[in-house]
């Protein structure tokens, strides 16, 4: 109900303070049912977390690419963004109706919260869990963080107009979705850890080339290659976190959300660094993502042991 109301509120916003308010109200509601859906999906197939998360990533990539395209289509038709947001708010109402039959037991929920907190503290004593939490935040440097900076990089550093910068965002999103789709059959044949290690080494070579090469066309080609190569960098570590905490998907979600609060400081840190050395120099920080994978991924022996049911 809160999410549907928040999206509808965006359509009614008449200034920045009200718009900020509905975003603040809507974000926790959106995150709550998204996290619950992911945990439920993992519980449906406890032995196939990598593949389940890869499917989840495909859906997310589709949304990340389709959203801006739908917004652009609405603008080109002269409808603007208000009518589009109102339509999305109305489309969320069936979620409210679908949730009505669900019954909750307050006492059981209180016990579940207490068990989750105790389980989270115990889990943080295990290196296997901490490893995947750290790698999730590190890989996000070339995920959401790069996605957030790429348009600004093309305008501020490459010196192109905003239309070309928008094209760069589309290229990154489309190549990422293609990589996520191709990852599904690949994971049926190749171990996820082995794939991550190879892709991390390749990205360690491609990302510096993207930063150093001159010419907009060359940068767009390398950006597309980056989108393809980093497929699975969220899905596989998140899936391995679920595997490491088999039977405690809710606790896994809670821990990844808490660690994400720390990861959200990365754009602020990169922005502060860019104020001092320029964005071209600050973007080199994102190279920590593939380096962290190369150094932090488990060995073949550890990987086989971590996939055993607990």
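Match the structure shown to one of the listed values [x] 20.6, 62; [y] 20.3, 69; [z] 35.7, 102 of Rg and Dmax of the Cα atoms in Å, computed from it, and give that label.
Step by step, Rg and Dmax of the Cα atoms in Å for this structure corresponds to label [x].
Please arrange 85, 71, 53 by how many other C-beta atoms lie within 10 Å of their C-beta, fewest to most.
The most exposed by this proxy come first: 71, 85, 53.
With 10 angstrom as the radius, rank 275, 137, 128 by how many other C-beta atoms surround their C-beta, starting from the fewest.
Ascending number of Cβ neighbours within 10 Å: 275, 128, 137.
Kindly provide the helix-only [θ] at 222 nm of the chain, computed as the sum of -39,500 (n - 2.57) over DSSP H runs of four or more divided by all residues, to the nearest 500 deg cm²/dmol?
That calculation yields -26000 deg cm²/dmol at 222 nm.
Under 17 Å from a label point 7 Å along Cα→Cβ of residue 25: give me every residue in the range 68-99 with its amide N that close.
The answer is 85-93, 96, whose backbone nitrogens lie closer than 17 Å to the label point.
What ranking do 49, 214 get, fewest neighbouring Cβ atoms within 10 angstrom at the top?
Ranked by crowding around the Cβ, least crowded first: 214, 49.
Taking the simple approach of a point 7 Å from Cα along Cα-to-Cβ for both residue 33 and residue 93, what is their distance in nm?
Each label point lies 7 Å from its Cα, and together they span 1.4 nm.
Sketch the reach of a paramagnetic label on residue 212 as a point 7 Å from Cα along Cα-to-Cβ, and name the residues of the range 142-174 whose backbone nitrogen lies under 19 Å away.
Under 19 Å, as judged by backbone N against the label point of residue 212, lie 158 of the range 142-174.
Using 7 Å Cα-to-Cβ label points, what is the residue 118/residue 181 separation (nm, one decimal)?
With each label point 7 Å from Cα toward Cβ, the separation is 4.8 nm.
Based on alpha-carbon centroids, what's the gap between the range 227-284 and the range 116-157 in Å, whole number please?
What the calculation gives is 1 Å, centre to centre.
Semi-axes, largest first, in whole Å: what does sqrt of 5 times each Cα gyration tensor eigenvalue give for the range 22-76?
Taking √(5λ) for each Cα gyration eigenvalue gives 27, 17, 6 Å.
Counting pairs of alpha carbon atoms under 8 Å apart in space and at least six apart in sequence, what relative contact order in percent does the chain give?
27 percent
When you have a sec, figure out the Kirkwood radius of the range 151-229 from all distinct Cα pair distances and drop it here in Å to one decimal?
After inverting the mean inverse Cα-Cα distance, the result is 13.4 Å.
No lab work stands behind these numbers, since they all come straight from the coordinates. Keep in mind that this is a model prediction, so the values were computed, not measured. So basically every Cβ, Gly included, is an ideal-geometry build from the backbone, and we count neighbours across all protein chains shown.
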